[in-house]
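Trainee: Handing you this structure, nothing more for now.
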Amino acid sequence: MPATEQDLYARLDDLGLDWTTTEHPPLHTVAESKALRGELEGGHVKNLFLRDKNKKVWLIVAEEDRPVDLKAFRKRIGARGSLSFGSPELLMEVLGVAPGAVSPFGLINDVDCRATVILDEGLMEHRLVNVHPLRNDATTTIASADLVTFIRDCGHDPQIMDLEAAPE
């Protein structure tokens, strides 16, 4: 069984991290998020759960308005073939969440560390970031440095990358 929202909050508390969660109607797109967010301080994210032809998976955590050129990005990360969005079944298998609830907090369920985590350098410049807590009808605000602490505690070593930089 995937971790629950309560399991997530307990893990954040065990790590001594500060966080707050705001309830709202379900959100599926950045546009819906912008319309309903109110006055939440900090950076707002979009999450891309991607796979290549060899079924290697990546979780890209980017600032909501950051363009991500998947063709150029594929070369930078060494993906085999083109990148595509992971299926709902693969998403549930790896991160334990449904489409629309993709979040770096889903890494709590990736006990085999199958996902390679890429964090947007621009997003990490915000003191606070806002992410879904394993469901898309709430937003958890956490310090960007604390998000990295959580990701590392889940066994992942996130790469912080300038997503707008040209491929080498």
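The values are calculated or read from the model by the stated rules, or taken from the named source; none is laboratory data. Since the model is a prediction, treat every value here as computed from it, not as a measurement. Cβ atoms come from the backbone with ideal geometry, glycine included; neighbour counts cover every protein chain shown.
Trainee: Residues that are in contact with a helix residue (DSSP H, G or I) (Cβ under 6 Å, 6 or more places away or on another chain) and of a type in the set (A, V, I, L, M, F, W, C): does segment 95-102 have at least one? Don't jump to the end; show me each part of the working.
Mentor: First, the residues of segment 95-102 that are in contact with a helix residue (DSSP H, G or I) (Cβ under 6 Å, 6 or more places away or on another chain): 95-97, 99.
Pick out the ones that are also of a type in the set (A, V, I, L, M, F, W, C) and you get 95, 97.
Within segment 95-102, one or more residues are in contact with a helix residue (DSSP H, G or I) (Cβ under 6 Å, 6 or more places away or on another chain) and of a type in the set (A, V, I, L, M, F, W, C).
Trainee: Kindly indicate whether HIS126 is farther than 21 Å from THR21 by Cα and surrounded by 16 or more Cβ atoms within 10 Å (Cβ to Cβ).
Mentor: Details: farther than 21 Å from THR21 by Cα: no; surrounded by 16 or more Cβ atoms within 10 Å (Cβ to Cβ): yes.
So HIS126 fails the test.
Trainee: Here is a further query. Can you tell me which residue is modelled with the lowest pLDDT among those in segment 119-161 that are more than 25 Å from GLU93 (Cα to Cα) and in a strand (DSSP E or B)?
Mentor: MET161
Trainee: Something else now. Name the residue that is modelled with the highest pLDDT, counting only residues in segment 43-68 that are in contact with a Ser or Thr (Cβ under 9 Å, 6 or more places away or on another chain) and surrounded by fewer than 17 Cβ atoms within 10 Å (Cβ to Cβ).
Mentor: At the first step, the residues of segment 43-68 found to be in contact with a Ser or Thr (Cβ under 9 Å, 6 or more places away or on another chain) are 43-47, 50-53, 56-59, 61, 64.
Applying the additional criterion that residues be surrounded by fewer than 17 Cβ atoms within 10 Å (Cβ to Cβ) yields 53, 56.
On the way: LYS53: 92, LYS56: 95.
So the residue we want is LYS56.
Trainee: Also: Could you check how many residues of segment 69-106 are buried (at least 21 other Cβ atoms within 10 Å of the Cβ) and acidic (Asp, Glu)?
Mentor: Within segment 69-106, residues that are buried (at least 21 other Cβ atoms within 10 Å of the Cβ) and acidic (Asp, Glu) number 0.
Trainee: OK, next. Restricting to segment 49-79, what's the tally of residues that are of a type in the set (Lys, Arg) and within 14 Å of the chain's Cα centre (by Cα)?
Mentor: To start, the set of residues in segment 49-79 that are of a type in the set (Lys, Arg) comprises 51, 53, 55-56, 66, 71, 74-76.
The next check asks that each one be within 14 Å of the chain's Cα centre (by Cα); those that pass are 66.
Of the residues in segment 49-79, 1 are of a type in the set (Lys, Arg) and within 14 Å of the chain's Cα centre (by Cα).
Trainee: Being within 25 Å of ASP14 (Cα to Cα) and in contact (Cβ under 8 Å) with a residue 40 or more places away in the chain narrows it down to one residue among LEU119, LEU163; which is it?
Mentor: Numbers: LEU163 fails: within 25 Å of ASP14 (Cα to Cα).
Step by step, each of LEU119, LEU163 is checked, and only LEU119 is within 25 Å of ASP14 (Cα to Cα) and in contact (Cβ under 8 Å) with a residue 40 or more places away in the chain.
Trainee: Something else now. State whether the residues of segment 126-135 include one that is of a type in the set (Lys, Arg), more than 14 Å from the chain's Cα centre (by Cα) and within 27 Å of ASP13 (Cβ to Cβ). Give the steps one after another, and end with the answer.
Mentor: Going residue by residue through segment 126-135, those that are of a type in the set (Lys, Arg) are 127, 135.
From the residues that got through so far, the ones that are more than 14 Å from the chain's Cα centre (by Cα) too are 127.
Filter again for within 27 Å of ASP13 (Cβ to Cβ), leaving 127.
Taking every residue of segment 126-135 in turn, at least one turns out to be of a type in the set (Lys, Arg), more than 14 Å from the chain's Cα centre (by Cα) and within 27 Å of ASP13 (Cβ to Cβ).
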